1. Being in contact with an Asp or Glu (Cβ under 7 Å, 6 or more places away or on another chain) and either closer than 13 Å to Arg35 by Cα or modelled with pLDDT of 95 or more (or both) narrows it down to one of Gly89, Gly125, so name that one.
2. Specify the residue that is nearest to ligand 2 (Cβ to nearest atom); the eligible residues are those in the stretch 152-192 that are in contact with a helix residue (DSSP H, G or I) (Cβ under 8 Å, 6 or more places away or on another chain) and over 24 Å from Asp403 (Cα atoms).
3. Looking at Thr47, Thr70, Thr126 in this structure, which one is farther than 30 Å from Gly180 by Cα, assigned by TED's automatic domain parsing to the domain that holds Ser145 and among the polar types (S, T, N, Q)?
4. So if I check each of Gln167, Gln205, Gln218, which one is over 21 Å from Glu434 (Cα atoms), surrounded by fewer than 24 Cβ atoms within 10 Å (Cβ to Cβ) and of a type in the set (S, T, N, Q)?
5. Name the single residue, out of those in the stretch 152-198 being more than 17 Å from Gly411 (Cα to Cα), in a loop (DSSP other than H, G, I, E, B) and not small (Gly, Ala, Ser), that is nearest to ligand 1 (Cβ to nearest atom).
6. Regarding the stretch 312-335, can at least one residue be identified that is on the phi < 0 side of the Ramachandran plot, within 16 Å of ligand 1 (Cβ to nearest atom) and assigned to a strand (DSSP E or B)?
7. Could you tell me how many of the residues in the stretch 220-256 are among the small types (Gly, Ala, Ser) and more than 16 Å from ligand 1 (Cβ to nearest atom)?
8. Does the stretch 330-347 hold any residues that are within 16 Å of ligand 2 (Cβ to nearest atom) and within 17 Å of the chain's Cα centre (by Cα), and which are they?
Amino acid sequence: MSEATAPQTGQPGATPSGAAGDPPNDVGLTIASLRAEQVLDSRGWPTVSVALTLDDGSVHEASAPAGASTGAFEAVESRDEGEEFSGRGVLKAVAGIEGEIAARLTDRRWDGIRALDDALRDLDGTPNLARLGANAVVAVSMAASRAFAHVSGVALYEWIAAQTGAQPLMPVPHFNVLNGGAHAANDLDFQEFMIAPLGLVSEEQAVRAGSEIYHALQSAVRDEFHTAGLGDEGGFAPPIANPVQALDLLVAAIEAAGYTTDQVKIALDPAANGFSLGDGNYQVGGRRLDRRELVDYYDGLLGDYPIWSIEDGFAEDDFEGWQLMFDRVGSSTQLVGDDLYVTDAARIREGAEKHYSNAALIKVNQIGTVSQTFDAIAAARENDMACMVSHRSGETIDAFIADLVVGTGVGQIKSGAPARGERVAKYNRLMSIERRQPQLQYGLH
Ligand code: 2PG
Ligand code: MG
């Protein structure tokens, strides 16, 4: 059974193996077999699912998510490029897992996830996992993490906390309720309009607020646009083009649902690669803006709306744009690098040094392994940067990132709308952890 459908590997609510700050206490394991399958993700495209069996007979599953607005520096997926599924099949990745990867990993003792991840990376032999595929490697690394939690006798998030020396924390969910960009068929240039219940006190309350606001927004969108069609992340995708229209809809929905904009803030992921014209120029709402005008544009939105966080406001190669924005609003607004950093510790360190942003998005499949994801979070924290753990626009019901965000204690997650199975799997897992561990604090810190 996978964690997405079963309570947990290890005992639910088991005593944590160590308080925050204790050294990791890995217990070794031996993998008896590794199976993989081609399954479908939430967009209906193939993805990789793994079942790892230990010598004690326990089975640990995981599946790979997939992005649509991918950064140029991300680890690379393996796609078959054949006739089937418009070239998007993953049978080569599956064969690699059951062949080379299984031969390397099975029937020997592994003392920790890092050694296992390093072995996967060495076996691949490329800097961006292009040979075996990041989709193959990440699924194996996630399943192996669950196996380590199992042999340690703790829940996955507790194992992650022990690995990272973090204090577990219930995160502020960022619900993407209006979709544009690469995730929707409308003309909205900005990709994600999220609501973030920063001013509430528990995951349960935050999820309730997300659901109530989502449904208030649904009524407004239905009334005004006679559609409740959705984008890839479960948010509505009405035929609007101007970000201001989307923000007005959001503020009205927050208030219609009975919340204040002190309790529930807005976060944006414009995903500026998608509307970059190159050379620091952008196309927003039918207007051409240079990087300075785009900073002014964001600053204007920050003045007019309760926006607390902006992700990928500039293209992944427009370092000057990032610096201008950081200088202007970085002391009062969270600025998150996604395509800019691709969950890479070295890129995050560089961003901190050069003042590109004050936060990093964290996606396991962007870098390809769980231990390197821990490294990215450590690099951010060493530099006083915040982290937001993230899903991909193509997902499965695997809820690994819910445990990741609790166990690393970074305090923020985005997993799409509070609707659709692959999105709510994560929010439901968060509420389930909170119910079992009511002493865990909710919030950014
Ligand atoms: C993003 C992500 C997730 P994708 O840009 O932050 O929302 O999108 O998975 O398509 O890269
Ligand atoms: Mg993004």
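The values are calculated or read from the model by the stated rules, or taken from the named source; none is laboratory data. Remember, it's a predicted structure, so these values are computed and weren't measured experimentally. Ideal geometry is used to build each Cβ from the backbone, glycine not excepted, and the neighbour counts take in all protein chains shown.
1. On the way: Gly125 fails: in contact with an Asp or Glu (Cβ under 7 Å, 6 or more places away or on another chain).
So the residue among Gly89, Gly125 that is in contact with an Asp or Glu (Cβ under 7 Å, 6 or more places away or on another chain) and either closer than 13 Å to Arg35 by Cα or modelled with pLDDT of 95 or more (or both) is Gly89.
2. Across the stretch 152-192, the extreme among qualifying residues is Gln191.
3. Thr126
4. Gln218
5. Gln191
6. Within the stretch 312-335, one or more residues are on the phi < 0 side of the Ramachandran plot, within 16 Å of ligand 1 (Cβ to nearest atom) and assigned to a strand (DSSP E or B).
7. 7
8. Within the stretch 330-347, Gln334, Leu335, Val336, Gly337, Asp338, Asp339, Leu340, Tyr341, Val342, Thr343, Asp344 meet the criteria.
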